[in-house]
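Input: a single structure, listed below in structure tokens.
The values are calculated or read from the model by the stated rules, or taken from the named source; none is laboratory data. For clarity, every value in this text was computed on a predicted model and none was experimentally measured. Here Cβ is always computed from backbone atoms with ideal geometry, including for glycine, and neighbour counts include all displayed protein chains.
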């Protein structure tokens, strides 16, 4: 069993790789769709701007000119996939970050910017991007969040958030001026907005859970 971490020129690959190893997974980094063919699980990391990330993913051959994604082929075959940060955002239909950019369309919805002039519970203004620790609020019913307490803190760095069309896709929410979807799922595809590789014990537990999901699917 091997988990493939996609290298498409964006993403904190080394830390994600090391964190998955610490979670007990055999890991390899792949740079082309061929590397996904025998992967038991897939991780799509990402940092930076959505448009650049989407362009790099296409440039690396993971999306064809017709729009068909090798990731979708793997998803259709039942391979568990985890998108992290911008990797989660790429799962959606489109993003409004610096223009309008198409995503993979795996989860119906859009990626939108945090509203201007937001305030926190104490009435103070909130600065965008959100950088730092914030809570994951969830009912504890999904295997990806097993052993993660409701209200656990994870580390976030982002200016845009995912807005699924169907609330049923939302596993966890986080409050930052508004309550937004911070963990999502559709079938065998999960996305997390936080960085598990920077979220200490909580992040490691999430990655362990994903490894367990992959092992069960094999």
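Assess whether residue 44 counts as being modelled with pLDDT of 90 or more, more than 15 Å from residue 161 (Cα to Cα) and surrounded by 19 or more Cβ atoms within 10 Å (Cβ to Cβ). Yes: the conditions hold for residue 44.
Of all residues in the stretch 63-90, those that are surrounded by fewer than 24 Cβ atoms within 10 Å (Cβ to Cβ) and at negative phi total 14.
Only residues that are out of contact with any strand residue (DSSP E or B) (no Cβ under 7 Å at 6 or more places or on another chain) and either outside any loop (DSSP other than H, G, I, E, B) or modelled with pLDDT of 90 or more (or both) were counted in the stretch 65-85, giving 6. Being farther than 22 Å from residue 121 by Cβ, modelled with pLDDT of 95 or more and surrounded by fewer than 19 Cβ atoms within 10 Å (Cβ to Cβ) is a description that does not apply to residue 163. The single condition among (1) surrounded by 13 or more Cβ atoms within 10 Å (Cβ to Cβ); (2) under 16 Å from residue 200 (Cα atoms); (3) touching a residue at least 12 places away in the same chain (Cβ under 8 Å) that residue 137 does not satisfy is (2). Checked against (1) free of Cβ contacts under 8 Å to residues at least 60 places away in the same chain; (2) buried (at least 16 other Cβ atoms within 10 Å of the Cβ); (3) more than 17 Å from the chain's Cα centre (by Cα), residue 176 passes all but a single condition, namely (1). Inspect the stretch 11-21 for any residue being at pLDDT 90 or above and assigned to a loop (DSSP other than H, G, I, E, B) and give the result as yes or no. Checking the stretch 11-21: not a single residue is at pLDDT 90 or above and assigned to a loop (DSSP other than H, G, I, E, B). Taken over the stretch 143-156, the criterion of being buried (at least 17 other Cβ atoms within 10 Å of the Cβ) and under 16 Å from the mean Cα position of the chain (by Cα) is satisfied by 144, 145, 154, 155, 156.
The set of residues in the stretch 104-139 being under 20 Å from residue 172 (Cβ atoms), under 18 Å from the mean Cα position of the chain (by Cα) and in a loop (DSSP other than H, G, I, E, B) consists of 106, 114, 129, 138. Against the numbered list (1) surrounded by fewer than 16 Cβ atoms within 10 Å (Cβ to Cβ); (2) at pLDDT 90 or above; (3) farther than 22 Å from residue 5 by Cα, residue 119 comes up short only at (2).
Here is the figure for the stretch 86-102: residues that are farther than 19 Å from residue 167 by Cα and either within 16 Å of the chain's Cα centre (by Cα) or touching a residue at least 40 places away in the same chain (Cβ under 8 Å) (or both) total 8.
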